Amino acid sequence: LAKGKSAKGGPRLTGFEELTAVHEVDQSPIGRTPRSTPATYVGFFDHIRELFASAPESRLRGYGPGRFSFNSSQGRCPQCEGTGSISIEMNFLPPAQVRCDTCGGRRFNPETLDVRWNGKSIADVLDLSVAEAIEYFAAHGRMRRPLEALRDTGLDYLRLGQTSPTLSGGEAQRIKLVSHLLTGLKPSAADGLPAPGRRGAVRQDLFILEEPTIGLHLQDVRRLVEVLQRLVDAGHTVIVIEHNLDLIAEADWVMDLGPEGGSGGGRIVAEGTPEQVGRVRESHTGRYLKTFLRPA
């Protein structure tokens, strides 16, 4: 992107013409109801339902994929309507959520839970963590790719059916990032994520993230950097508002705003590669970045 003067003397922005879309990957919830889960948001829950519909017991009973949906009155628990919990109104307090006594929090009616695929019911599968599901669906390429993407962003501990209200802002942000990663890159020959340097995408999107490393372990920060780099290697542009030096050091271009916070800031103190910013004395970020980049 470049800024200049328009024919009328006002500000003019160029360079955006090549962008296909702009995505703000923020920390807002992926959904407002318990029916929204990592499996439904990323999109592989459809594949799970198809697998259960192909089970011998399903074919015998005439069950289709819709039978294994939270939104279908045929297969869900009639008491909690597929949410797994019941809301109890409290005087002078917010409503309390308690586990449904009818289904025990499993969301589906007994007839639906009777169907087994590879030894597990649909409720058992939704209770798997991402790491467990990678092993469980090892033979299914369409499942492996999104599951490995979740693992690569440090979300291998999440349950497939974990409800949206129980996810932190950082977890919701990384789930959104995974969904963009899967749609923004073409699958590799092994139906996994493309290796860095593989330019498989036709789209050129702009992604904007704010503080995606908040609450992450150092190892998970490294995983996040690798995922962001895959988007860049595919031809996309990623803008990150960040203070974590591990991520800043991997950036192609850094803009340090300051020199102080609030009314004492608001101007560009330094910009350039991490090494160039590290040589600017007036930059607080540069001072720490210089030490961070110094060989041990």
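The values are calculated or read from the model by the stated rules, or taken from the named source; none is laboratory data. These numbers come from a predicted model, not from an experiment. Cβ coordinates were reconstructed from backbone atoms using ideal geometry, including for glycine residues, and neighbour counts include every protein chain displayed. Side chains are part of the model used for accessible areas, which takes the heavy atoms of the whole protein and leaves out ligands, DNA and RNA. Shrake-Rupley method; radii C 1.70, N 1.55, O 1.52, S 1.80 Å.
Within the group 88, 134, which residue is open to solvent by 20 Å² or more (accessible area, probe 1.4 Å), within 28 Å of residue 233 (Cα to Cα), without any contact (Cβ under 8 Å) to a residue 40 or more places away in the chain and not in a loop (DSSP other than H, G, I, E, B)? Before you say what the answer is, go through the steps one by one.
Details: 88 fails: within 28 Å of residue 233 (Cα to Cα).
The match here is 134.
Please give the strands (runs of 3 or more DSSP E) falling wholly within the range 214-294 in which 3 or more residues are under 20 Å from residue 23 (Cβ atoms). Give the derivation first.
Working: elements: 237-241, 254-258, 267-272.
The strands (runs of 3 or more DSSP E) meeting that bar are 237-241.
Kindly provide the set of residues from the range 164-190 that are aliphatic (A, V, I, L, M), part of a helix (DSSP H, G or I) and modelled with pLDDT of 90 or more, ordered by number.
172, 175, 177, 178
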Restricting the range 27-52 to residues that are modelled with pLDDT under 90 and among the charged types (D, E, K, R), the one nearest to residue 134 (Cα to Cα) turns out to be 35
Within the range 239-257, the residues that are surrounded by 17 or more Cβ atoms within 10 Å (Cβ to Cβ) and in contact with a strand residue (DSSP E or B) (Cβ under 9 Å, 6 or more places away or on another chain) are 240, 242, 247, 248, 251, 254, 256
Reported set for the range 36-85 where residues are in contact with a Lys or Arg (Cβ under 6 Å, 6 or more places away or on another chain), part of a helix (DSSP H, G or I) and buried (at least 20 other Cβ atoms within 10 Å of the Cβ) is 68
Flagged in the range 114-131 as of a type in the set (A, V, I, L, M) and buried (at least 18 other Cβ atoms within 10 Å of the Cβ), in numbering order, are 115, 122, 123, 125, 126, 128, 130
Within the range 147-163, the count of residues that are open to solvent by less than 10 Å² (accessible area, probe 1.4 Å), part of a helix (DSSP H, G or I) and under 17 Å from residue 125 (Cα atoms) comes to 2
Quick count over the range 138-187, residues being farther than 23 Å from residue 210 by Cβ, among the charged types (D, E, K, R) and out of contact with any helix residue (DSSP H, G or I) (no Cβ under 8 Å at 6 or more places or on another chain), is 1
